[in-house]
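Structure, as structure tokens:
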Amino acid sequence: MILDQIAQTIVDHTSEIIDYPIIITDEKGTIIGSTDRGRLGSLHIASIDVLRKNRTISYETGDVKALDNVLPGIAMPILLNDAVIGVLGIAGEPDSIKKYVQLVKSHVELMFHESFKKETSALETKALDTLVQYLLFSSPADESGTMIEYGRLLGYRFDLDRVCIVIELDLLSLRLPVRDGSSDKTAFPYFQKDLIEQVKRLFVDHRQDIFSLLNLEQLIVLKTVLPRERDSLAEKTEQRMRKLNQYLRDKNHAGASVALGNVSSGAAGMKQSYENAIRTLKIGKRIPSSYPFYHYNDWEITLELLTQELTPAVSDKFAGMLLALRDYPNYETLSATFLAYCRCNMNLSETARTLFIHRNSLNYRLDKLSELTGLDLSAFEHCLLLYVALRHARD
């Protein structure tokens with residue numbers, strides 16, 4: 001029990017307030033904290049009476065003569081959320097110490113309450129991290145098994161629409177306080193705590209939102225998406241990303257990339273959204289951008305996904321198509337010309353102006369591409385095939 005773990009620490013801190021012996025017993029009357037550590041583990045008979053009557057009791061010198069291991073003083077119940085969890089005893093003449101009783105009792109109960117909150121919060125975080133590990137990394141996701149029940153016990157519903165937001169910290173840019181000429185490594189836990197609080201403040205605003213710290217670099221939010229929020233989801237997430245980066249720059253000269261997956265529901269849907277967010281993050285970091293925000297539904301991301309995730313059979317077919325072209329000495333020039341041609345919507349005049357070449361030179365290059373690949377570059381479908389093949393070859 002948490003009382004057993006912190007009772008002695010509380011006694012040590014409390015004894016600094018008043019110069020009287022103090023004990024704390026558990027709900028069975030066993031001493032679990034004492035200024036005289038030789039009494040630890042012994043039974044305190046008077047505490048049993050306090051626990052039974054649930055009230056403060058004073059013990060004069062004459063009252064304790066027949067009681068073993070009991071000193072004159074005042075004993076009072078310790079309450080946590082209106083429940084009696086133990087007894088606090090202060091040794092001394094009751095008339096001399098009664099002025100301290102309420103102060104010490106309030107101090108001890110406050111310390112227990114704060115410790116209980118921290119312990120409860122730590123247990124909840126651990127349980128939530130376990131749930132997230134099941135959700136994201138189990139294979140296959142069990143829609144009807146223990147995962148769903150575990151989530152329900154923690155208060156989370158899986159029938160809601162959610163989207164995975166992956167936040168990746170740029171640790172290389174992070175500046176921590178300097179001590180003895182180098183970064184103070186002990187400052188990182190404090191930085192991480194502040195970062196978690198900031199991420200929660202910006203991204204977690206619904207009781208069904210699930211937050212987890214995956215590792216030193218990555219945090220995720222499985223964010224609940226209400227129907228009315230779908231259209232503004234990407235815009236709001238980008239705004240929050242900007243605020244997070246502003247905070248990181250101002251405080252630690254650091255930055256973070258944010259990737260938004262697809263909206264889905266159920267355990268399998270959350271796993272899918274996470275995987276898509278991770279893929280989006282990897283692709284997005286290769287695309288020049290003034291702000292590192294990447295959305296799975298962005299068409300540029302979709303195009304990159306298309307060129308990266310071809311089946312082995314299609315990849316082999318494209319490789320065969322490009323074999324002669326890739327062996328050609330001016331391969332890089334021809335491929336760059338064709339990609340520019342596509343960006344200019346296959347408009348010859350505009351492509352020539354963009355590349356600062358004569359239109360005849362452009363026609364020569366396109367003819368050479370057709371010769372080397374066997375494709376008719378005046379046909380949209382053939383251009384599409386070559387475009388995907390070239391983008392895939394560059395990845």
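The values are calculated or read from the model by the stated rules, or taken from the named source; none is laboratory data. A quick note: this is a predicted structure, and the numbers were derived from the prediction, not measured. Because the Cβ atoms are built from the backbone with ideal geometry, glycine has one as well, and the counts that use them run over all protein chains shown. Quick note on the areas: whole protein, heavy atoms, side chains included, nothing else; ligands and nucleic acids left out. Shrake-Rupley method; radii C 1.70, N 1.55, O 1.52, S 1.80 Å.
Listed values, structure above:
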{"quantity": "Ranked packing of 264-270, 302-308, 242-248, 275-281, most packed first, by mean Cβ within 10 Å", "calculated": "275-281, 264-270, 242-248, 302-308"}
{"quantity": "Global geometry of the chain, whether rounded, prolate or oblate, following the gyration tensor of its Cα atoms and the 1.5 cut on a/c", "calculated": "prolate"}
{"quantity": "Accessible surface, the chain, averaged per residue in Å² (probe 1.4 Å)", "calculated": "55 Å²"}
{"quantity": "In the stretch 61-149, the trypsin sites (Lys or Arg not before Pro) that fall in loop regions by DSSP, at most 15 other Cβ within 10 Å", "calculated": "Lys65"}
{"quantity": "Pairwise centroid distance, computed over Cα atoms, of the stretch 363-387 with the stretch 187-225, Å", "calculated": "49 Å"}
{"quantity": "For Glu27, solvent-accessible area (1.4 Å; no DNA, RNA or ligand), Å²", "calculated": "90 Å²"}
{"quantity": "Cα gyration tensor category, rounded, prolate or oblate, for the stretch 309-395 with a/c compared to 1.5", "calculated": "prolate"}
{"quantity": "Which listed pairs, of Lys126/Lys285; Lys118/Lys200; Lys251/Lys271; Lys193/Lys236; Lys118/Lys285; Lys117/Lys282, have C-alpha distances above 27 Å, in listed order", "calculated": "Lys126/Lys285; Lys251/Lys271; Lys118/Lys285; Lys117/Lys282"}
{"quantity": "Tensor-based shape of the stretch 252-376 (alpha-carbon gyration tensor, a/c under 1.5 rounded, otherwise prolate or oblate)", "calculated": "prolate"}
{"quantity": "Electrostatic dipole magnitude of the stretch 281-390 [Cβ: Lys, Arg +1; Asp, Glu -1; Cα centre; debye, to 20]", "calculated": "300 debye"}
{"quantity": "Contour minus Cα-Cα distance for Met111 and Asp194 (0.36 nm per residue)", "calculated": "27.6 nm"}
{"quantity": "Residue with peak Gaussian network fluctuation, the chain [Cα springs, cutoff 10 Å], from Asp129, Asp327, Asp298", "calculated": "Asp327"}
{"quantity": "Accessible carbon and sulfur surface of the chain relative to its total accessible area, %, 1.4 Å", "calculated": "52 percent"}
{"quantity": "Rg followed by Dmax, in Å, when the stretch 90-179 is reduced to its Cα trace", "calculated": "23.4, 69"}
{"quantity": "Between the stretch 285-322 and the stretch 59-111, the alpha-carbon center distance in angstrom", "calculated": "71 Å"}
